[in-house]
Structure formats: C-alpha cells, structure tokens
Amino acid sequence: LGKQLNNALGQLSRASVVDDKVIEALLKELCSALLQSDVNVKLVGSLRTKVRAKIKKSLEEAETNGTVRESNKKQIVQKAVFDELVALVDPGQEPYKPIKGKSNVLMAVGIQGAGKTTTCTKLAVHYQRKGFRTCLVCADTFRAGAFDQLKQNATKAKIPFYGSYTETDPVAIAAMGVQKFKKERFDIIIVDTSGRHKQESELFAEMVNIGEAVKPDMTIMVLDASIGQAAEGQSRAFKESSDFGAIIVTKLDGHAKGGGAISAVAATKTPIIFLGVGEHFNDLERFVPSPFISKLLGMGDMQGLFEHMQDVAMANPDKQKAMAKKLEEGKFALRDWREQLTTLMSMGSMSKIMSSIPGLSGAMEGMSDEDTGAKLKRMIYIMDSMRTDELDSDGLIFMRLDKDGLPYALNKRAARVARGSGTSVKEVEELLAQARAMRGLAKMAGGMANASKQDSWAK
Ligand code: GDP
Ligand code: MG
C-alpha cells in the first residue's frame, strides 16, 4: 500500500498544476491502493467522496484567505488525504484506562489463532512495566494445551497465572480466577478466552457468559491483520455480541496489510489500542493514528522520529527550540539533516530509528543494526564532502532546473560529492530525497499555517 500511495502522491508532486483532473487521478489511485490493502469496498467509496469534498473545501478556504498558490496546492491536497485517512482510524472514542489501586479486569476475545494468548501475555508484561501488579487467567478449555501455553508464557514472563486441567467450564474458571486475584489485590487481571475456527454462536454464548461472570472493565477484540477483507465482517459480528471497547490488531510484522485494521475501526467505531508486531512479549506497540497512516503511506514513523530527536534534544533545550523553529518554518538545511543523523547515530537501536525515517523505512527492511549503521555513516560522508553553501542549502543547488524552475535531474555538484565521499550519485540522490521528505513532512505536521512559506522544492 505504501508504495502505491507513494506513487499516487509522487504523481501529484510531479504535476505542474493541480486541477480537477490531477485530483481525480490521485483519488483513483488512492482508492485502488486502499482496496488492494483490504480496506472494505463500501468504505473506500465513501472515503473517496469525503476526501474529494475535503480537498475542495481546503482549496476554497485557502483561496478566500488569499494564501493559495500553485506551490502549496499540492500540500493542501496531501494534507486533506492524510487527515481523512487518520480520521478513519480514529473513532474519537477514548479507550478504558486502567486505574491504579483497583482491580481492573481486561478480557480478550477473538477467533482461534488471532493471537489472544500471546497478546494477553504482552499486555501483562506491558502493564507490569508500568508498575501495575498484573496477572493472567486462562478461561480457554476448548483447545487442548491452551492452559499449558498460557502457563508457559506466564512463567517465562514472570506473571502470576490461574487455570485448571480438570475444570471444563470456562465460565467457572474465569469467575474463580478473577475472584482469587481480586482478593489478592492485583491491579490488572487479564482473562484469556477460547476461540473457534469461525464466529460460531456457541463461541459467542460462551463469551457473553464469561463476560457476565467477570464483568470486564475492558473487553478487547484481538484481530489478526492477515485475514484481510474478513476483518470487517468479523469485527462487526463480535461487536454485536460482546460490545468490546478496544481492538488490538496482531501480526502486523508480517506481510499483512493494514487495511483490515482500518475497516474494523470504521465498522465498529472502536479504537485500536495496540498493535502486535511479533511473537515475543515485547512486540507490542501503542497504536497512534497519525504515525500509523504515515507508515501506511510510506512516510515512515514521523512521530517516532520526532520523539527520538526530542529525547536527545532534551539535554540541550536551546538547540531543540532552534530546530523546532527551523522545521516549522520549512528552513531545514542539509546541515540540519546531518546534525540529526549524527545525533541518531549515537542512540539506541539503529534499525528501529532508521525505519522511522521517511523514505528509508522500505530500503532498511530486514537490514541488521550493523548494516543500517554503515548506511548511516555513508550518508554522513556524503554531507561531509559538501561545500559550506551546499550544506547550508535545502538541496536544490544539486539539481538542474527546467525552464519553469522545476528540478529534473542532478547536476555536476552531485557527481563531485559522490566522488569525494566514495559513494554513488544514486546515494547522493537518495540522501537529498530523504532530507526533502523530512522537511515536507515536518511542514505538514506543523500545519498549513506555515505551509505557504518559501520552499523552492515544493513548486
Ligand atoms: P489464540 O488462539 O488467539 O490464543 O492465538 P495465539 O496467541 O495462540 O497465537 C497464534 C499464533 O500467532 C502463535 O503462533 C503466535 O506466536 C502467533 N502470533 C500472535 N501474535 C503475533 C504477532 O503480532 N506477530 C506474529 N508474527 N505472530 C503472532
Ligand atoms: Mg489462545
């Protein structure tokens, strides 16, 4: 999806004027990408109408304000698309927040194999780290070995657990486990339930009965991202009988596309709280709408990157302020990009950081920390081979311009820098594209107020 949408947005940025034809082409591309990413057909249809209306409205507003120019029309359109996609995964409903000093009961539901047991353990580990006394209850008596699996997970993660090899009534086990842990004053009691292969009425009845017995503060639907188009129907069916208050989408680390997640939120108006991104207990990510969409659009995890930058900048508040101002004003020179990269190099897990840089996430997939570190170093070498005026520029200085002043190819400077740094022209081009993406996205994040400020690349 990312690649396709990137193409769509790329076409937009190459178009010399933004007219209805360009917008319709973008919408068409966007819809086909969403469909292929398993977003529900009806939803795509309504999204098309909404995005079109939003684009028109944004452009009209800019027109009346007198701020519309050919150069910022593209940003207005891009932002409209982005905002509508974000709105799709943000139902505007706050999920339940566990309260310290009381017994919060969480219950996981979902079909067999969705990842409930794994996710329950991940949640337990997560909340324990946050200082909650956490425990697990196994109310799955349907699948052979279910209790053993939970027991194994819990033991490994050092989480107290409850279950039974002899009791066959899941409602009774759930009730007993929750009662026991409530008495022992645990803060968070997580109840794992059984699934079936399909949405059978039997499963739904069991779910409802367990729910009545343990009265969960939050029921979480665990949804496997790899089921694709089925996500819509499945989440709707579960919502009808269990009225869950949160969704966790699992297996987003594989080839699964994110579209199912979008459909599930839209169908149930229920927020996603976490994403499962692997089989280990640590592979749980907090779900935040706008970085999720950025990632889907192939823009990298901007928020994550900003957070990393902020961590470092905390030690130097003046610098942080200066950088924030530069980003806001769209004055983000290659020199600033160099500084950011050097800073990032001094921090934590390389591949994780690199995957949050727009335009790099795809290229870095599957690379080791060592490889990404080496790649980062080459990027620094490139910038070290630049002259002062080049480093202080936005990068346009490396481009040949056509008669309309639009960049169409690299110039001799790029070849010189590639030679001097022992890299290739292609790498120089990549670096320039990344710095540009960085600036464009920062500006988008900074809102439209500053979008019309001078940026020679955005013509
Ligand atoms: P349950 O039947 O709903 O309890 O599902 P399980 O927790 O037993 O998980 C089924 C399979 O999916 C197991 O092999 C898990 O390791 C795997 N799994 C669960 N969550 C994830 C995830 O986020 N990513 C990946 N790659 N595998 C997962
Ligand atoms: Mg299970």
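Taking the Cβ of residue 172 as the center, what net charge do the other residues with Cβ under 14 Å away carry, scoring Lys and Arg +1 and Asp and Glu -1?
Here the charged neighbours net out to -4.
Assuming R0 = 51 Å, what is the FRET efficiency of residue 425 and residue 130, from their Cβ-Cβ distance, to the nearest 0.05?
Rounded to the nearest 0.05, the efficiency is 0.55.
Counting other beta carbons within 10 Å of each residue's own, what order do 127, 381, 162, 408 fall into, fewest first?
408, 381, 127, 162
Can you work out the FRET efficiency for the pair residue 381 and residue 402, with r the C-beta to C-beta distance and R0 = 22 Å, to the nearest 0.05?
Here the calculated transfer efficiency is 0.15.
Considering only DSSP states other than H, G, I, E and B, which trypsin sites (Lys or Arg not before Pro) in the stretch 117-161 qualify as loop sites with at most 13 other Cβ atoms within 10 Å?
Hits after loop and neighbour filter: 130, 158.
Add +1 for every Lys or Arg and -1 for every Asp or Glu among the other residues with Cβ under 13 Å from the Cβ of residue 151, and state the total.
Spelling it out: positives minus negatives among the neighbours equals -1.
At a Förster distance of 56 Å, what's the computed FRET efficiency of residue 99 paired with residue 20, Cβ-Cβ distance as r, to 0.05?
So the FRET efficiency works out to roughly 0.60.
If you look at just the Cα atoms of the stretch 106-245, how large are its Rg and its Dmax in Å?
Rg then Dmax for the stretch 106-245, in Å: 14.0, 43.
How many nm is it between the label spots at residue 148 and residue 49, if each spot is 7 Å from the Cα in line with the beta carbon?
Once both label points are built, they end up 5.4 nm from each other.
Express in nm, to one decimal, how much length is gained between residue 331 and residue 64 on full extension, taking 0.36 nm for each residue of separation and deducting their alpha carbon distance.
The residue 331-residue 64 span can extend by a further 93.5 nm.
Enumerate the aspartates and glutamates that residue 57 could reach by cross-link, defined here as Cα to Cα under 12 Å, with residues fewer than 8 away along the same chain left out.
none
Which of the aspartates and glutamates could a cross-linker bridge to residue 74, judged by Cα under 15 Å and excluding same-chain residues fewer than eight apart?
In chain and number order, the partners are 19, 20, 24, 60, 61, 63, 83, 455.
List every residue whose amide H lies under 5 Å from the amide H of residue 191, counting only residues 5 or more places away in sequence or on a different chain, with H placed 1.01 Å from N in the peptide plane.
The list, which skips near neighbours in sequence, is 106, 107, 108, 137.
Can you tell me the order of 177-185, 211-219 when each peptide is scored by its average per-residue count of other Cβ atoms within 10 angstrom, highest first?
Result, highest mean Cβ count within 10 Å first: 211-219, 177-185.
Can you tell me the convex hull volume per residue for the stretch 170-232, based on C-alpha atoms, in Å³ to the nearest whole number?
96 Å³
Starting from the 7 Å offset along Cα-to-Cβ, what nm value, one decimal, do you get for the label separation of residue 172 and residue 389?
Rounded to a tenth, the inter-label distance reads 8.6 nm.
Taken together, the values in this text are just the output of simple stated rules run on the coordinates, not laboratory data. Remember, it's a predicted structure, so these values are computed and weren't measured experimentally. Neighbour counts run over all protein chains shown; Cβ positions are idealised from the backbone, glycine included.
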